[in-house]
Amino acid sequence: MSLKSVKNGEKNQSVLEIQIPKADFDAEVNKVYKKQVAKISIPGFRKGKAPRSIIEKMYGKGVFYEDALNALLPSVLEEAVKEAGIETVSQAELDLGDIDENGVALTAKYWTKPEIKVNSYKGIKAEKTIKKVAKAEVDAELERVRQRNSRTVEITDRPAAKDDIAIIDYEGFVGDKAFEGGKGEAHHLKLGSGQFIPGFEEQVVGHSIGDSFDVTVTFPEDYHAEELKGKEAVFKVSLNGIENVELPELDDEFAKDVSEFDTLAEYKKDVKAKIEKRNAEEADHAVEEQLLTAIIDAIEGDIPTCMFDNECENMFNDYENRLAQQGLSMDMYLKYTGMTKAKMMEEFRPQAERQVKATLALEAIAKAENFEISAEEVEAEYKRVADSYQIETEKAKQFIPEEVIRKDVSARKAVELIKASAEITEKSPEPKKAAPKKAAAKAADGEAAAEKKPAAKKAAPKKAAAKKEEN
């Protein structure tokens with residue numbers, strides 16, 4: 001490979017003129033011929049025995065050129081970029097020139113990493129909100145642990161009551177016609193949960209195991225199925241079983257069962273300490289976000305659009321990988337959520353732009369401060385990454401170049417420098433204003449209505465629904 005020249009194109013763009021020597025190209029063409037000749041039939045020759053010259057005469061001189069170029073280009077372009085001393089942020093835009101006695105002439109156009117300047121990154125002002133732990137937060141955490149340690153018991157000596165789980169078969173009719181999706185068997189319905197349309201669950205309360213009865217309801221006017229809006233329906237219901245969830249008592253025995261503590265008081269104290277730690281970490285993260293916003297606003301430099309496009313693509317691929325880890329394909333996710341790749345990329349765009357700008361700003365600061373990264377710091381970062389992926393450190397080294405690790409360490413040092421020099425003011429959270437009673441009641445009604453699900457509606461797979469919420 002011969003790099004003939006490096007020219008400037010548009011801002012942050014380099015144009016490389018490259019010459020592949022004839023001997024190198026001819027050698028690669030001959031390799032392609034030897035690989036493909038076995039599949040080529042030429043009259044007068046046994047299959048796989050036709051000379052290269054005969055094949056080129058029949059199919060054209062360039063019959064093997066495309067495959068030869070595809071084989072050569074990765075290493076040719078890599079060498080050219082290295083010799084040119086540029087840091088590319090895009091794939092090459094290629095323009096093939098003459099293929100003659102001098103070899104192959106081609107032009108490769110790249111977008112390159114921009115030179116970014118951060119005008120001010122020391123002494124940035126930020127506010128840190130110190131959130132105190134309320135008793136209600138501790139109680140809520142204890143309740144979550146109680147729920148996780150609950151047990152389900154079968155009820156046989158009384159009728160179904162609110163908060164019980166009724167195991168029912170049902171089929172819905174409008175008039176004398178069953179409607180689509182209105183049938184279920186062995187369905188576990190928590191009475192009072194609002195899972196089914198208004199009025200359904202209340203009519204199950206009071207019935208005993210073995211009862212068969214009618215439940216009459218009216219579908220809401222805003223129901224999603226046009227043919228059922230405002231219609232009265234009768235559900236034929238059979239109650240097959242009743243269950244109830246029993247929660248453990250909040251006492252010292254509970255504390256011993258769920259923690260390493262002997263008393264409930266000690267356990268509560270530990271729960272409070274962990275919430276305080278979580279609040280402190282969230283507060284620190286919020287401060288970092290403020291500081292990053294400040295340095296992003298302070299950067300100077302033109303950033304190629306392709307860098308934002310690439311980051312959006314990376315975010316999309318990362319999302320797809322996380323779905324795959326949960327056994328869900330991207331096609332299935334898009335189907336269930338009604339999303340498209342274009343719409344997801346559009347939603348990723350603001351975060352992608354922020355990520356690119358923040359990375360460039362931190363790299364610029366690290367360069368200005370001339371950080372030195374020790375071998376010990378590199379090793380520690382490899383271990384941190386390996387631990388996060390639950391793999392061995394040596395395995396992480398196989399997948400992640402040391403240059404990437406060094407950049408990550410430099411970026412972290414830049415963040416630490418910005419935080420150390422920042423003017424951070426601590427404050428308490430502003431008290432929440434109580435909503436007017438009427439407005440609050442109206443909002444609560446709206447939320448309740450939104451949460452209620454039709455008795456016959458089939459739920460999307462849980463993983464798809466969960467991912468839709470994350471997105």
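Does LYS128 satisfy the criteria of being surrounded by 15 or more Cβ atoms within 10 Å (Cβ to Cβ), touching a residue at least 40 places away in the same chain (Cβ under 8 Å) and among the basic types (Lys, Arg)? Criteria met by LYS128. Set side by side, the residues GLU227, GLU249, GLU221, GLU202 differ, and just one is free of Cβ contacts under 8 Å to residues at least 12 places away in the same chain and not in a loop (DSSP other than H, G, I, E, B), which is GLU202. Does segment 32-40 contain at least one residue that is farther than 30 Å from GLU313 by Cβ, at pLDDT below 95, surrounded by 12 or more Cβ atoms within 10 Å (Cβ to Cβ) and among the polar types (S, T, N, Q)? Within segment 32-40 (the criterion being farther than 30 Å from GLU313 by Cβ, at pLDDT below 95, surrounded by 12 or more Cβ atoms within 10 Å (Cβ to Cβ) and among the polar types (S, T, N, Q)), the answer is yes, since at least one residue qualifies. Of the residues making up segment 168-193, those that are exposed (fewer than 15 other Cβ atoms within 10 Å of the Cβ) and outside any strand (DSSP E or B) are GLY175, ASP176, GLY192, SER193. Within segment 5-60, the set of residues being without any contact (Cβ under 8 Å) to a residue 60 or more places away in the chain and of a type in the set (S, T, N, Q) comprises SER5, ASN8, ASN30, GLN36, SER41, SER53. Taken over segment 69-107, the residue count meeting the criterion of being under 14 Å from LYS4 (Cα atoms), under 36 Å from the mean Cα position of the chain (by Cα) and part of a strand (DSSP E or B) is 0. Is it fair to say ASP211 is assigned by TED's automatic domain parsing to the domain that holds LYS229, under 17 Å from ARG158 (Cα atoms) and surrounded by fewer than 16 Cβ atoms within 10 Å (Cβ to Cβ)? Yes. If you go through segment 247-271 and keep only what is of a type in the set (D, E, K, R) and either within 19 Å of GLU137 (Cα to Cα) or touching an Asp or Glu at 6+ places or on another chain (Cβ under 7 Å) (or both), you end up with GLU249, ASP251, ASP252, LYS256, ASP262, GLU266, LYS268, LYS269, ASP270. Looking at this structure, is ARG46 more than 30 Å from ILE303 (Cβ to Cβ) and either touching a helix residue (DSSP H, G or I) at 6+ places or on another chain (Cβ under 8 Å) or hydroxyl-bearing (Ser, Thr, Tyr) (or both)? Answer is no for this residue.
Of all residues in segment 187-208, those satisfying the criterion of being touching a strand residue (DSSP E or B) at 6+ places or on another chain (Cβ under 6 Å) and more than 17 Å from VAL245 (Cβ to Cβ) are ILE197, GLY199, PHE200, GLN203, HIS207. Checked against (1) closer than 28 Å to ILE124 by Cβ; (2) in contact with a Pro (Cβ under 8 Å, 6 or more places away or on another chain); (3) among the aromatic types (Phe, Trp, Tyr), PHE348 passes all but a single condition, namely (2). Any residue at all in segment 9-25 that's part of a loop (DSSP other than H, G, I, E, B), surrounded by 14 or more Cβ atoms within 10 Å (Cβ to Cβ) and in contact with a Pro (Cβ under 7 Å, 6 or more places away or on another chain)? Yes, because at least one residue in segment 9-25 is part of a loop (DSSP other than H, G, I, E, B), surrounded by 14 or more Cβ atoms within 10 Å (Cβ to Cβ) and in contact with a Pro (Cβ under 7 Å, 6 or more places away or on another chain). Cβ separations smaller than 9 Å between residues 6+ apart or across chains give the following pairs from segment 367-388 residues that are assigned by TED's automatic domain parsing to the domain that holds ASP408 to residues that are outside any helix (DSSP H, G or I) and of a type outside the set (Val, Ile, Thr): ALA368/LYS117; ALA368/TYR121; ALA386/GLU392.
The values are calculated or read from the model by the stated rules, or taken from the named source; none is laboratory data. Quick caveat, the model's predicted, so the values are computed rather than measured. Cβ: placed from backbone, ideal geometry, glycine included. Neighbour counts: every protein chain shown.
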